[in-house]
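Remarks on the structure that follows.
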Amino acid sequence: MKKGKVTVVITIAIACFALVTIMFMQFKIINQTDITSIEAMTEQELRMELATWRQKYEQAQEIYQENLEKLQEYKEKVKSDAESSKLIENELQQINKYLGKTDVQGEGIIIKLKDTTDEDVIPITSEDLLFIVDYLRIAGAEAISINNERIVNMSDIVYVNNTIIYVNQQRILAPYEIKAIGNPTYLESTLLGNGGYIDILINSGFEVDITKSNKVTINKYNKEIEHRYIH
């Protein structure tokens, strides 16, 4: 049974117990009352009998009040647990966003990078991509991907045999599409400003296109995040 259903069942059970208790006490008092014997009692005996029933009624009221207080206490606890669960869930979502474990969307830029046709120029390398990623991070990028591979702290961008680029252990091929979520103006100006790495690539003969967008979508990091040495 789910937690929500269990909560409802327990709440109803406590409420019913409280009501049944007071009803039972009242019924018991009525059943124990002998009208004939009451008519034969003296005034003093009636006063004593009335005091006895009043005491029983007060006891029943006390039990009823105790149950109501328990029910209120339980409701407050349930509410507190629900708020705590919601807070924990929100924190978990924020952590997953920080770790790159959720798909995200926001304003930013999309960079399309093609290799040059000049055979005398070395094609795009993993080092080029690393430089671009570093520039984007300096500019405040909150999420980055290369050919839909999410870049996180555990990501690797490597160059194998000076011919093949791997990102997150996945081979990627030109043309390269780099997405970044952040302030579009900051991101673009950092790459294109004086000494910006995109300027260097353009001057080297590479074809680069940068597009600002209000709706950049970056997929989550789809691998397990493992720590080998942190205990």
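N222 passes every criterion in (1) out of contact with any strand residue (DSSP E or B) (no Cβ under 8 Å at 6 or more places or on another chain); (2) in a loop (DSSP other than H, G, I, E, B) apart from (1). Quick one: is D209 surrounded by fewer than 16 Cβ atoms within 10 Å (Cβ to Cβ), among the acidic types (D, E) and under 18 Å from K101 (Cβ atoms)? When the stated conditions are applied, D209 does not pass them. For segment 140-158, the set of residues classified as of a type in the set (G, A, S) and touching a strand residue (DSSP E or B) at 6+ places or on another chain (Cβ under 8 Å) consists of A141, A143, S145, S155, listed by residue number. In this structure, does D118 turn out to be over 26 Å from Y98 (Cβ atoms), touching a residue at least 60 places away in the same chain (Cβ under 8 Å), assigned by TED's automatic domain parsing to the domain that holds I200 and outside any loop (DSSP other than H, G, I, E, B)? Spelling it out, it is not the case that D118 is over 26 Å from Y98 (Cβ atoms), touching a residue at least 60 places away in the same chain (Cβ under 8 Å), assigned by TED's automatic domain parsing to the domain that holds I200 and outside any loop (DSSP other than H, G, I, E, B).
Would you call Y221 within 32 Å of the chain's Cα centre (by Cα), of a type in the set (S, T, Y), modelled with pLDDT under 95 and surrounded by fewer than 17 Cβ atoms within 10 Å (Cβ to Cβ)? Taking the combined requirement at face value, the residue does not satisfy it. Of all residues in segment 159-190, which are more than 21 Å from I110 (Cα to Cα) and surrounded by 13 or more Cβ atoms within 10 Å (Cβ to Cβ)? Hit for segment 159-190 is Y159, nothing else. Do we find that Y98 is of a type in the set (F, W, Y), without any contact (Cβ under 8 Å) to a residue 40 or more places away in the chain and at negative phi in this structure? It is true that Y98 is of a type in the set (F, W, Y), without any contact (Cβ under 8 Å) to a residue 40 or more places away in the chain and at negative phi.
The values are calculated or read from the model by the stated rules, or taken from the named source; none is laboratory data. Computed from a prediction, not measured in an experiment: that's the story for all the values here. Every residue, glycine among them, receives a Cβ derived from its backbone with ideal geometry; neighbour counts consider all protein chains shown.
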